[in-house]
Amino acid sequence: MKKLNVGIVGYGFMGRAHYNAYRKVNNFFDLKHQPVLKAACARSADNAKAFADKWGYESVETDWRKLIARDDIDLIDICTPNNTHAEIAIAAAQAGKMILCEKPLALNAKEAEKMVAAVEKAKVPNMVWYNYRRCPAVVLAKQLIDEGKLGRIFHYRAKFLQDWTIDPDLPQGGAGLWRLDVKAAGSGVTGDLLAHCIDTAMWLNGTIDKVNAMTETFVKERKHNLTGKIEKVGIDDACAFLARFTNGSLATFESTRYARGHKALYTFEINGEHASIFWDLHDLHRLQYFDHRDEGRVRGWRNIHVSDGDQPYMKNWWVPGLQIGYEHSFVHQVADFLQGLANDQPAKPDFKDGLATDYVTDAVLQSAKNGQWEKVKKVK
Ligand SMILES: NC(=O)c1ccc[n+]([C@@H]2O[C@H](COP(=O)([O-])OP(=O)(O)OC[C@H]3O[C@@H](n4cnc5c(N)ncnc54)[C@H](O)[C@@H]3O)[C@@H](O)[C@H]2O)c1
């Protein structure tokens with residue numbers, strides 16, 4: 001196996017999810033490459049060292065520029081807040097490194113365009129961590145749609161609901177709360193949560209032609225952890241938008257962090273001419289499927305437990321009937337990336353796909369401002 005030296009920036013939620021994936025991938029997938037946990041980068045040397053010791057990284061860096069400059073690093077993995085993605089990715093591309101970048105690709109499409117230009121110029125393999133494409137039940141949905149089982153698609157309905165920012169005393173900014181700070185996050189639920197829904201939607205149902213959105217910021221001011229002052233909140237707390245897909249289907253998307261009782265309720269339902277499918281992140285190993293062509297007496301929603309060897313990715317795991325979870329979507333993403341490298345068929349979503357999603361989120365935010373339908377820019 002060819003060694004692939006990974007340098008990772010950030011050790012938070014996603015840092016852990018990715019490290020875990022690099023460590024496990026060769027145990028479960030037969031691949032031609034083996035990720036080596038070469039260096040972990042964090043701004044605090046103590047934190048970086050503690051983290052590297054716990055996860056088995058060989059070395060630490062406290063400045064991502066030094067990490068990128070190292071000759072022994074092949075791949076840079078960006079697991080830091082959104083406002084850092086562009087600068088790190090562009091520098092990594094210029095240094096000829098492969099790049100795996102967390103989502104959303106950038107703060108906005110303008111930045112994302114520069115990132116696409118940089119990886120294209122450098123011709124370096126690149127991918128964005130829209131990991132829900134790698135849940136076996138979501139891949140099964142993709143297979144059913146591509147096989148024409150649903151027929152013409154009429155409706156796409158997606159939601160991503162949470163409830164963790166309702167308290168007006170919750171500050172914004174800094175560690176753990178950068179998502180509430182527009183300078184670090186770029187937007188609120190639109191770039192954070194709806195970006196996932198949009199990426200899955202365009203993968204399953206093609207490009208989005210236009211959108212009409214509304215957003216709200218329920219808590220207008222919060223203390224900023226970095227300045228200590230009460231500051232205006234610049235993110236959208238909630239967003240709902242209508243969309244028309246290029247294939248003519250109609251869509252509704254909704255996201256909020258103000259839906260009491262919901263922690264990460266990402267669901268989508270697709271209604272076609274012959275059949276419908278429904279998926280729920282809280283039950284991610286199941287796909288619900290209704291086929292009108294079934295015999296009438298037994299027709300009904302099937303609740304498919306996606307755990308059998310002939311279902312996507314599952315032959316690599318346990319025996320039929322035993323399900324896998326959230327972290328496995330990241331293992332699958334690394335496996336697909338490495339397979340793509342070996343076969344010279346780059347895995348998706350790449351930076352161009354990330355830009356396509358950023359074009360949609362930009363149009364959504366623009367429409368929410370001007371109250372009009374916005375045409376979505378297409379990736380060239
Ligand atoms: N794919 C997914 O499902 C998913 C889920 C959560 C987060 N994300 C994305 O992952 C990224 C990180 O989110 P998170 O939840 O892991 O955040 P987090 O707050 O848990 O971790 C962020 C990490 O970045 C580090 N960091 C910040 N600025 C840095 C800098 N300049 N140099 C080095 N390190 C720096 C922090 O110390 C921390 O270790 C974001 O872009 C987010 O949108 C994706």
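The residues of the chain expose on average 45 square angstrom of accessible surface per residue, using a 1.4 Å probe on protein heavy atoms.
Dimensions of segment 286-380 based on its C-alpha atoms, expressed as ranges along the principal axes with the largest first, amount to 50, 45, 23 Å. Every Cα-Cα pair in segment 141-236 was counted, and those over 19 Å apart are 52% of them. With a/c under 1.5 counting as rounded, go ahead and sort the chain into rounded, prolate or oblate using the C-alpha gyration tensor (a ≥ b ≥ c being the square roots of the eigenvalues; past the cut-off, prolate if a/b is larger than b/c, else oblate). The shape class here is oblate. With the simple spin-label model, which puts each label point 7 Å out from Cα in the Cβ direction, the Thr62 to Asn27 separation comes to 3.3 nm.
The trypsin sites (Lys or Arg not before Pro) of segment 89-142 that meet both conditions, a loop assignment by DSSP and at most 11 other Cβ atoms within 10 Å of the site Cβ, are Lys123.
Quick check: from the Cα gyration tensor, does segment 267-328 come out rounded (a/c under 1.5), prolate or oblate? The shape class here is prolate.
Backbone amide hydrogens, once placed in the peptide plane, bring Asn5 within less than 5 Å of Val36, Asp74, Leu75, excluding anything fewer than 5 places away on its chain. The distance between label points at Asn225 and Lys114 comes to 2.6 nm (points 7 Å beyond Cα on the Cα→Cβ vector).
Using Stokes-Einstein with the Kirkwood hydrodynamic radius over Cα pairs, what translational diffusion coefficient do you get for segment 80-211 at 25 °C and a viscosity of 0.890 mPa s, in µm²/s rounded to a whole number? Diffusion coefficient, whole number: 146 µm²/s.
Roughly speaking, what is the centre-to-centre gap between segment 204-252 and segment 148-188 when only Cα atoms are used, to the nearest Å? That distance is 8 Å. In this rough spin-label picture, where each label sits 7 Å from Cα along the Cβ direction, the His292-Met1 distance is 4.9 nm. Label point of Asp71 set 7 angstrom out along Cα-Cβ; within segment 1-17, amide nitrogens under 16 Å from it belong to 5. Reported value for segment 296-335: 93 Å³ per residue, from the convex hull of its C-alpha atoms. With a 1.4 Å probe rolled over the protein heavy atoms of all chains, the accessible area of Arg299, Arg286, Arg16, Arg222 falls in the order Arg16, Arg299, Arg286, Arg222, largest first.
Helices in the chain that qualify as membrane-span-like (whole DSSP H runs, Cα extent of at least 18 Å along the helix axis, mean Kyte-Doolittle hydropathy of 1.0 or higher) do not occur.
Amide H contacts for Phe154 (H built 1.01 Å from N in the peptide plane; partners 5 or more residues away or on another chain; cut-off under 5 Å): Asn271, Gly272, Glu273. Rolled with a 1.4 Å probe across the full set of protein chains, the surface gives Glu58 an accessible area near 110 Å². For segment 54-96, which whole-number percentage of the solvent-accessible area (1.4 Å probe, protein heavy atoms only) is attributable to carbon and sulfur atoms? Carbon and sulfur atoms account for 46 percent of the accessible area of segment 54-96.
The values are calculated or read from the model by the stated rules, or taken from the named source; none is laboratory data. Since the model is a prediction, treat every value here as computed from it, not as a measurement. We place every Cβ from the backbone using ideal geometry, glycine too, and count neighbours over all the protein chains shown. Heads up: the accessible areas ignore ligands, DNA and RNA and are worked out on the full protein's heavy atoms, side chains in. Shrake-Rupley method; radii C 1.70, N 1.55, O 1.52, S 1.80 Å.
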